[in-house]
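To start, the structure under review is shown below, and the notes come after it.
What follows is calculated from the coordinates using simple rules that are stated; it is not laboratory data. Note that the structure is predicted; figures quoted are calculated from it, not measured. Using ideal geometry, Cβ is built from the backbone for each residue, glycine included, and neighbour counts are taken over all protein chains shown.
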Amino acid sequence: MSPGDPKWLDVIERDLHRQFPFHEMFVSRGGHGQQDLFRVLKAYTLYRPEEGYCQAQAPIAAVLLMHMPAEQAFWCLVQICEKYLPGYYSEKLEAIQLDGEILFSLLQKVSPVAHKHLSRQKIDPLLYMTEWFMCAFARTLPWSSVLRVWDMFFCEGVKIIFRVGLVLLKHALGSPEKLKACQGQYETIEQLRSLSPKIMQEAFLVQEVVELPVTERQIEREHLIQLRRWQETRGELQCRSPPRLHGAKAIMEAEPGPWPTLQPSPSIRLPPDALLPGSKGKPKPPKQSQKEKEQWKQAKASGQLDKPPTPSQAKVAAAAGDACPPQDVPLKDPAHQDPAPQDSAPQDSAHHRSQDSVHHHSQESLTSQESEDTYL
C-alpha cells in the first residue's frame, strides 16, 4: 500500500483509541481492531485524496469492522460517503449544513413547540445535529438502537437519519413541561446531549421512526428550497457531491449490473410419478419388472386375458385368492398341460389367474412401498 499523506495518517493514529474503547476489538492499543481501522481509514484517503480524512468517518468504519472484514468495511464506507451521505465529509461540511436547515424546517411540521423554542433561543442546528448525522447516531444511541437504525438506514436511506433526529427533538423539547428546564441555550444543548433513556430505547424509538410521516419526496422538496436559499445568500456550493440515493434499492437501480438471476433450488424430492399441486393429468403408473412383463405375455398368449370370467368363476377365484398366499407359480404352456376333467378346467384357469393377480398386486405393493421409503 502507498505510504499515504502524513498529515492524514497522523490524525488517524490519534483517533484510533477514541473509537469504542471498551469494545473487545479496540480495547488494546495496536490490536487487530485498531490496525484494521487504521488501514480502512488510510485506504479511503488514498481512494479519495481530494477529501482526505474526517474524524466522523472513524466511528462509521469501526461499526462496519465489527460486522465484516476490513476490505468489505472499506467498500461499505465508500458507499456511505458517496451514495448515502454524499458531501458530509468534505472539507467545508457544506452538505451537513444544508441538511441541518432541512431538519430544522421539517421540525416545524413535526413539532411546532420544539421548533419555536429553538428559534427563540437562536440555536443553530449544527450545534446538536452534526454528530447525530455524520456518525449516523453511532455515538448517541444505545447499541441495540444503533443496529436497528443502521438496518433501516441501509435499506431506506437518509430519510431514516432525518426521522430519528426529528423523533429525538420532538420528545426532548416537544412539550411545555420539558421546556421548563431549558431556559437558555446552554440548558437546551445539555438537554439534547443527555437524552432520556426512554426516548432512545429500541422498541420505542423504532416505532416512532416508522410512524413518523416524513417521506423522501418531502426531504427532496425541502432540499431544493434550502439549496435555493443557500445560493441566494452564500453563492454556489463549492463541494459538487453526487446526488443522494435513498436506500439500497435506489442504488441498485442506479447502477444496473450483470446481477445473477436467482434459480430455483428444490429442497423436497418427489417421486417421478407424483402429481404436483395444480398440475393436470394423471400420474404415470409404476414400471413393471421384466418378470412381470413375461408373465403378462404368457397369460395373453394363452388367451386367459381375453375371456371374462363367469360369476361362478369369479367366486372360485376370490375363494382361491383368499386361501392361497402369494407365491411365484410359473405359468405352463396350455399345449403341454396335463389332461383334466372338463368341469375342472375353468376352476384351474381361474385359480391361475387369481394367483397371477395376487402376485402382481404384491409386486406393485412392494414397488410402491420401496418408492415411498426412498423419498421419505
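Odds and ends about this structure:
- Considering only alpha-carbon pairs that sit under 8 angstrom and 6 or more positions apart, the relative contact order computed for segment 1-84 is 28 percent.
- Relative packing of 59-70, 243-254, 122-133, which averages over residues the other C-beta atoms within 10 Å, highest first: 59-70, 122-133, 243-254
- Couplings 3J(HN,Hα) for segment 19-33, derived from phi with the Karplus relation 6.51 cos²θ - 1.76 cosθ + 1.60 (θ = phi - 60°), are 8, 6, x, 9, 7, 4, 6, 10, 6, 9, 5, x, x, 5, x Hz, where x marks Gly and Pro.
- Estimated inter-spin distance, Ile225 and Arg48, nm [label 7 Å along Cα→Cβ]: 2.8 nm
- Taking a ≥ b ≥ c as the square roots of the eigenvalues of the alpha carbon gyration tensor, segment 88-256 is oblate, as a/c is not under 1.5 and a/b does not beat b/c.
- Three-way shape label, segment 172-255, alpha-carbon gyration tensor, a/c 1.5: oblate
- Shape class for segment 1-84: oblate, because the ratio a/c of the largest to smallest gyration tensor axis (alpha-carbon atoms, square roots of eigenvalues) is 1.5 or more and b/c is at least a/b.
- 5 angstrom amide H check on Gly157, placed H, neighbours 5+ away: Gly247, Ala248
- Cβ-based net charge around Gln57, under 10 Å, with every Lys or Arg adding one and every Asp or Glu removing one: -2
- Cβ crowding within 10 Å ranks Tyr53, Tyr88, Tyr47 as Tyr47, Tyr53, Tyr88, fewest other Cβ atoms first.
- Charge tally in the Cβ shell below 12 Å around Gly174, where Lys, Arg are +1 and Asp, Glu are -1, Gly174 excluded: +1
- Residues within the reach of a label modelled at Gln185 (point 7 angstrom out along Cα to beta-carbon, backbone nitrogen below 13 Å), restricted to segment 94-108: there are none.
- Subset of Lys170/Lys249; Lys7/Lys159; Lys92/Lys170; Lys122/Lys180; Lys109/Lys178; Lys92/Lys122 violating a 26 Å alpha-carbon distance limit: Lys170/Lys249; Lys7/Lys159; Lys92/Lys170
- Added length on full extension, which subtracts the Cα-Cα distance from 0.36 nm per residue, Gln108 to Gln55: 16.0 nm
- Other residues lying with their Cβ under 13 Å from the Cβ of Cys81 contribute a combined charge of 0, Lys and Arg counting +1, Asp and Glu -1.
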